[in-house]
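K.L.:
Before anything else, here's the structure in question.
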Amino acid sequence: MNRTQGAAITAVALALLFAGGAVTVASADRDEAPAASATPVSTSADAGFARDMAVHHQQAVEMSFIVRDRTKDEAVRRLAYDIANTQANQRGMMLGWLDLWGLPKNESGVEPMAWMGMGGSGDTGPLDGALMPGMATKSQIEELRAASGREAEVLYLRLMTAHHRGGVHMAEGCVQKCAVGAERVLAQGMVDAQKSEMLLMADMLKERGA
């Protein structure tokens with residue numbers, strides 16, 4: 001995905017946010033139950049996805065800034081810039097939704113991915129800092145920091161491919177489970193864009209003999 005596509009996704013989602021982010025679900029029949037507010041509760045898929053994907057995106061931004069400083073390859077640096085820019089913007093939107101809904105950005109006692117029925121890291125904590133599907137471990141992040149040139153490029157592309165694969169899984173979960181239309185639109189945009197970037201990264205890995 002290039003910068004233009006990323007900006008388009010962001011613009012569409014923002015437009016939908018202001019147009020329909022605070023919609024209510026009205027009853028079609030006066031005899032039915034009163035209209036229910038569409039503002040998500042803290043335990044909803046909408047809130048869970050916004051919290052978890054904000055954390056997931058933050059790591060993608062971090063890895064992209066790391067590789068930017070570890071290689072001079074323009075193709076990798078351009079990809080890293082696009083990913084960092086797009087995911088930082090999307091992260092801001094998701095945190096903004098939590099503010100709009102009056103919900104905490106960190107929910108005490110709620111495990112990552114619980115909204116997808118995948119919680120369960122328990123008291124032992126996540127393995128080496130990998131909180132959610134596709135996230136790099138602390139050791140892998142340090143390995144990326146220590147690498148340079150082609151080694152850094154290949155490691156970044158591999159880590160980001162896994163990161164995107166996990167992100168797509170999460171975003172598809174939101175498309176199925178989230179109630180807020182604007183959030184589902186954003187999640188589907190993530191699915192489409194990140195699948196496209198995974199194909200691009202596969203080609204870039206082949207070009208580097210990896």
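K.L.:
For region 67-84, check the following and say yes or no: at least one residue is polar (S, T, N, Q) and either in contact with a Phe, Trp or Tyr (Cβ under 8 Å, 6 or more places away or on another chain) or at pLDDT 95 or above (or both).
P.N.:
yes
K.L.:
Sticking with this structure for a sec: Would you check which residues across region 94-107 are assigned to a helix (DSSP H, G or I), more than 16 Å from the chain's Cα centre (by Cα) and not acidic (Asp, Glu) and list them?
P.N.:
Leu100, the sole residue that qualifies.
K.L.:
Looking at region 74-88, which of the residues that are in contact with a helix residue (DSSP H, G or I) (Cβ under 6 Å, 6 or more places away or on another chain) and over 12 Å from Ala60 (Cβ atoms) is surrounded by the most Cβ atoms within 10 Å (Cβ to Cβ)?
P.N.:
Val76
K.L.:
Hey, can you tell me all the residues within region 169-193 that are free of Cβ contacts under 8 Å to residues at least 60 places away in the same chain and open to solvent by less than 10 Å² (accessible area, probe 1.4 Å)?
P.N.:
Of everything in region 169-193, just one residue is free of Cβ contacts under 8 Å to residues at least 60 places away in the same chain and open to solvent by less than 10 Å² (accessible area, probe 1.4 Å), namely Val191.
K.L.:
Can you tell me which condition Ser64 does not meet? The list is (1) within 22 Å of Gly173 (Cα to Cα); (2) hydroxyl-bearing (Ser, Thr, Tyr); (3) modelled with pLDDT of 95 or more, and all the others hold.
P.N.:
Here Ser64 clears every test but (1).
K.L.:
Does Gln140 satisfy the criteria of being farther than 16 Å from Asp52 by Cβ, at pLDDT 95 or above and polar (S, T, N, Q)?
P.N.:
Here the answer is yes, as Gln140 does meet what is asked.
K.L.:
OK, next. Given the criterion in a helix (DSSP H, G or I) and closer than 22 Å to Val67 by Cα, identify the matching residue among Ala210, Ala187, Ala193, Ala182.
P.N.:
Only one candidate passes the filter, namely Ala193.
K.L.:
Consider only pairs whose beta carbons are under 9 Å apart and that are at least six residues apart or on different chains; among these, list those whose first residue lies in region 96-119 and is touching a residue at least 40 places away in the same chain (Cβ under 8 Å) and under 9 Å from Gly48 (Cα atoms) and whose second residue is exposed (fewer than 12 other Cβ atoms within 10 Å of the Cβ) and among the small types (Gly, Ala, Ser).
P.N.:
Met113/Gly120; Ala114/Gly120
K.L.:
Take the residues in region 108-127 that are at pLDDT below 55 and outside any loop (DSSP other than H, G, I, E, B), then tell me which one is farthest from Asp46 (Cα to Cα).
P.N.:
Thr124
K.L.:
Within region 27-41, is there a residue that is modelled with pLDDT under 50, over 25 Å from Met135 (Cβ atoms) and among the β-branched types (Val, Ile, Thr)?
P.N.:
Within region 27-41, none of the residues are modelled with pLDDT under 50, over 25 Å from Met135 (Cβ atoms) and among the β-branched types (Val, Ile, Thr).
K.L.:
Related question: When residues of region 143-176 are filtered for being among the hydroxyl-bearing types (Ser, Thr, Tyr) and farther than 23 Å from Ala54 by Cβ, how many remain?
P.N.:
Residues that pass the stated criteria total 1.
For every residue, the table says whether it meets (1) farther than 27 Å from Ser148 by Cβ; (2) under 18 Å from the mean Cα position of the chain (by Cα); (3) in contact (Cβ under 8 Å) with a residue 40 or more places away in the chain.
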position: Thr43; (1), (2), (3): yes, no, yes
position: Asp52; (1), (2), (3): yes, yes, yes
position: Glu62; (1), (2), (3): no, yes, yes
position: Phe65; (1), (2), (3): no, yes, no
position: Asp69; (1), (2), (3): no, no, no
position: Ile83; (1), (2), (3): no, yes, yes
position: Ala88; (1), (2), (3): no, yes, no
position: Gly92; (1), (2), (3): yes, yes, no
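The values are calculated or read from the model by the stated rules, or taken from the named source; none is laboratory data. Only a predicted model underlies this, so the values are computations on that prediction, with no experimental measurement involved. Cβ coordinates were reconstructed from backbone atoms using ideal geometry, including for glycine residues, and neighbour counts include every protein chain displayed. The area values use the complete protein model at the heavy-atom level, side chains included, leaving out ligands, DNA and RNA. Shrake-Rupley method; radii C 1.70, N 1.55, O 1.52, S 1.80 Å.
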